1. Give, rounded to the nearest 20 debye, the magnitude of the charge dipole that the range 371-461 has about its Cα centre when Lys and Arg contribute +1 at Cβ and Asp and Glu contribute -1 at Cβ.
2. Roughly what % antiparallel, to the nearest 5, for the DSSP beta bridges in the chain?
3. So if we plug the beta-carbon distance of GLU414 and SER434 into 1/(1 + (r/R0)^6) with R0 = 25 Å, what FRET efficiency do we get, rounded to 0.05?
4. What does the charge count around ASN337 come to, taking other residues whose C-beta lies under 13 Å from its C-beta (Lys +1, Arg +1, Asp -1, Glu -1)?
5. Could you tell me which of rounded, prolate or oblate describes the range 86-179, using a ≥ b ≥ c as the square roots of the eigenvalues of the alpha-carbon gyration tensor, with rounded for a/c under 1.5 and, failing that, prolate when a/b is larger than b/c and oblate otherwise?
6. Pick out, in residue order, every one of the chymotrypsin sites (Phe, Trp or Tyr not before Pro) in the range 376-461 that is DSSP loop and has at most 16 other C-beta atoms within 10 Å; say none if there are none.
7. From the square roots a ≥ b ≥ c of the eigenvalues of the alpha-carbon gyration tensor of the range 363-461, which class results: rounded (a/c under 1.5), prolate (a/b over b/c), or oblate?
8. Sorting VAL130, VAL18 on the 10 Å Cβ count, fewest up front, what's the list?
Amino acid sequence: LTEEIYDVVVLGGGAGGVPAAIRAAQLGGRVAIIEGRELGGLCMNRACIPFGHMSVASDILGSLSLGKEMGLDCKDTSNNYSTLLKRQNELIEFMRMGIMSMLKKKGVEIIEGQGKIAEKGKVSVNGNTVAFKKLILATGATWAKPDFPGADSGEVMNSDDLLKSEKPPERILLFGKRPWIFQIAQCLQRFGSRVILVTEDKRILSEESKTVASRLSKGLKDEGIVIKTHSEILDAAKKNDGLHVKLKTKDDPETVIVDRLLSVERQASLKDLGLENIDLDEKEAYLKVNDRMETEAPGVYAIGDLTGRQSRHYSHLASEGGIIAAENAMGHEAALNPRTFTRVVFTQPQVACAGLTRKEAIKAGYEVVVGSAPLSMNPFGMILAENEGIVEVVADKSYGEILGVHMIGTGASEMIGQALMAIQLEATLDDLASMSFPHPTLSESLAEAAREALGRPIYIP
Ligand SMILES: Cc1cc2nc3c(=O)[nH]c(=O)nc-3n(C[C@H](O)[C@H](O)[C@H](O)COP(=O)(O)OP(=O)(O)OC[C@H]3O[C@@H](n4cnc5c(N)ncnc54)[C@H](O)[C@@H]3O)c2cc1C
């Protein structure tokens, strides 16, 4: 047996683990990253990147009607799903190679294999023991397989299975509440599937601004996607004409017939990590950490999907946590800012939310003021026919501090970065209202929403 001693060992080479390892090495540490499957993790190989790639294609299809309105000839709109998948897989392969060479260039040692905590200060992998001063756990989450009767049927799939399908299913039911199901639903519908979305919640995106969520819901329904809220799956049974899915709805129970049922619900994967060897409990729903990403075990940090409910499973949160954990592990001081948590839905139009909703701000004890600016009144929004777009700014009434920004519209995932900066820098409504955003851009609506909150909008009657 050989034994190596590292300043920092990172277990899991996904969205959180890779930046954690690079940051620790930048700070002078001897660092190893252990990955049991593919570098880049879920995000790069089977989630954000492949589905982001599909969404770009889906957005192009969705923009054809605007092109037609502008007089462009868009007659040949056939699509070739296998070409899409081929480009996607080549891109992912290219990115994976990029990550591997980046880690090596930054001085991080890559260990391939499934790691397990053997005892305090030691991880076992491939029959060897790797000793560490600090450990960063970054093993992500796994699919939470549904448990209704019939869920074992081959027709019930997760997002990995969908990526392996050679063509979109003719009829599909998507179940759950994660933002990705709306993105996947829209892509599939545009690529020819007939899509039914089912959620137990009263409305889609139940934790986000009602205005934004209802506009997304309308947009998806207008495209022909059937949305069933307040509904549960009772069971599923395969018959000659397809999978019969029995639903308990708020009205009468009903059965829908589809070819596939997709669920993307996930849970933190704490099993088989050897947590018991450092006095942590693998039976918890997720690993608890403080804002420095420290677990209750001394010298052991945890980041990403492993550390929270699935409403907090986002790549950027995993990466931010990774950098914070690495800095603390290397003796620096860093902490997560809970205010800047950003949520995005990559549909067309996109939804993007940062910071507190009105409801959360009131619950946190603020006297709240909300300003909004519809993109249908923004000149660039008019060019883009942004009929459903809107920007909402939530602020504290007494000092005007911006607490949250919520939007739906083209490019919202990019525009939210500006809002994020305002929240991070503790900007006020006055600061935002006086920003000279370039014209014509949708960002101008951020300033207008702030002015509306101050009772002095320029372009809203
Ligand atoms: C369909 C879908 C679409 C999504 N789209 C987006 C999006 O657009 N934007 C976004 O922000 N988020 C998105 N997410 C969520 C995002 O993918 C995750 O939040 C993110 O990947 C979490 O990063 P992580 O580092 O915690 O875990 P992961 O990226 O899952 O990485 C964990 C790594 O640890 C490895 N591992 C696990 N156990 C061991 C072990 N014992 N030894 C060695 N290695 C191990 C795994 O193989 C894996 O590579 C999406 C998720 C899904 C399901």
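1. Details: 3 positive and 12 negative charges, 32 e Å.
Dipole of the range 371-461, to the nearest 20 debye: 160 debye.
2. For the chain, the DSSP antiparallel bridge percentage is about 60.
3. 0.70
4. Its environment carries a net charge of -1.
5. Cα axes put the range 86-179 in the oblate bin.
6. Loop-located and lightly packed - TYR399, TYR459.
7. Working: a/c = 1.77, a/b = 1.60, b/c = 1.11.
Note, shape of the range 363-461 comes out prolate.
8. On the way: VAL130 25, VAL18 29.
Starting with the residue having the fewest Cβ neighbours, the order is VAL130, VAL18.
Since every read-out is calculated from the coordinates, none of them should be taken as a lab result. All values reported here derive from a predicted model rather than from experimental measurement. Ideal geometry is used to build each Cβ from the backbone, glycine not excepted, and the neighbour counts take in all protein chains shown.
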